[in-house]
Amino acid sequence: MTEICPLMLKITVNAIFSCLKTIMDRDNKSILLRELLSFMQFLFKDRGEGSLLNEKLHSYIEGLISERNPLLTEMENYASVHHVPIMELAGIETMLQLLRIHRSHRILEVGTAIGYSALRMAYALPNSQIVTIERDVERIQVAEQFIQRSELSHQITLIKGDALEVEDVVKEHALFDAIFIDAAKGQYKKFFEIYSKYLKDDGMIITDNVLFKGLVAEPEIETKRIRNLVKKINEFNHWLLNHPDYDSVILPVGDGVAISKRRGESK
């Protein structure tokens, strides 16, 4: 079946809307048509030109990203099949470029998962040392296997345990040039407060998923669990961007990436 062009879909939807409105203008008593129009407006409310353009640009940017090596591609496939959240391509490429520019050497990662981000950083920064924290036993086992196969285990130190409880172990590896937070979203503020004290004066903190699939901008969310999580992310974002010791910005790449840099006067 021929794939429908997004632009053609947009034109078709607009034409249908126009026809329905014309008929309704002629017959104001047509309740069925009013209901149909309301339903279609709801169905296509997020398919405006801006949305279609953003989707096209997103696909275009991802198409420009170089192919990863076979091991990383295998990890991406594993994450997809087993529903393991890993950083989106545009987001992680942005982070890696920032780390290159910053010339980060010692990096702390809060949230290893299967080791994908840690290995991406190790490959991109051959002289770096990455300390990464993970509490999930199954994911730890998978991460260790991938890291061992990469032959970059000399660059990566995996700390097993809850990031809220392993501060004493982490501080033995401090100080850090950069900290990457990508673990339990409801605990972002606690992670930031615990580990920012082990950041160098000129260091930066990168936090992923701060836009959470765009839900942070939604006024109403039906699911209570998701609603509570979005509330916590929103509170963290406002707290972060008003932090007296950091200059922060949120980049709308991937799932939303926050970059925080210590203020000059705090040195």
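The values are calculated or read from the model by the stated rules, or taken from the named source; none is laboratory data. Please read these numbers as outputs of a predicted model, since none were measured by experiment. Positions of Cβ are generated from backbone atoms using ideal geometry, with glycine treated the same way; all protein chains shown enter the neighbour counts.
Some points to look at:
- All positions within the range 130-160 that are touching a strand residue (DSSP E or B) at 6+ places or on another chain (Cβ under 7 Å), outside any helix (DSSP H, G or I) and over 19 Å from Thr94 (Cα atoms): Val131, Thr132, Ile133, Glu134, Ile156, Thr157, Leu158, Ile159, Lys160
- Restricting attention to the range 180-207, the residues that are part of a strand (DSSP E or B) and among the basic types (Lys, Arg) add up to 1.
- Residues satisfying the stated conditions in the range 162-179, i.e. among the acidic types (Asp, Glu) and either within 24 Å of Arg263 (Cβ to Cβ) or in a helix (DSSP H, G or I) (or both): Glu167, Asp168, Glu172, Asp177
- Hey, Ile233 over 17 Å from the mean Cα position of the chain (by Cα) and either at positive phi or part of a helix (DSSP H, G or I) (or both) or not: no
- For Pro252, the conditions (1) surrounded by 15 or more Cβ atoms within 10 Å (Cβ to Cβ); (2) closer than 26 Å to Gly115 by Cα; (3) within 15 Å of the chain's Cα centre (by Cα) are fulfilled apart from (1).
- Put simply, of Ser117, Ser104, Ser153 the only residue that is without any contact (Cβ under 8 Å) to a residue 24 or more places away in the chain and of a type outside the set (A, V, I, L, M, F, W, C) is Ser153.
- Each residue in the range 49-101 was checked for being farther than 20 Å from Ser150 by Cβ and without any contact (Cβ under 8 Å) to a residue 24 or more places away in the chain, and 12 pass.
- Residue list for the range 183-224, restricted to those being under 20 Å from Asp245 (Cβ atoms), of a type in the set (Val, Ile, Thr) and at pLDDT below 95: Val210
- Residue match in the range 113-126 (condition: farther than 16 Å from Asn69 by Cβ and touching a Leu at 6+ places or on another chain (Cβ under 8 Å)): no
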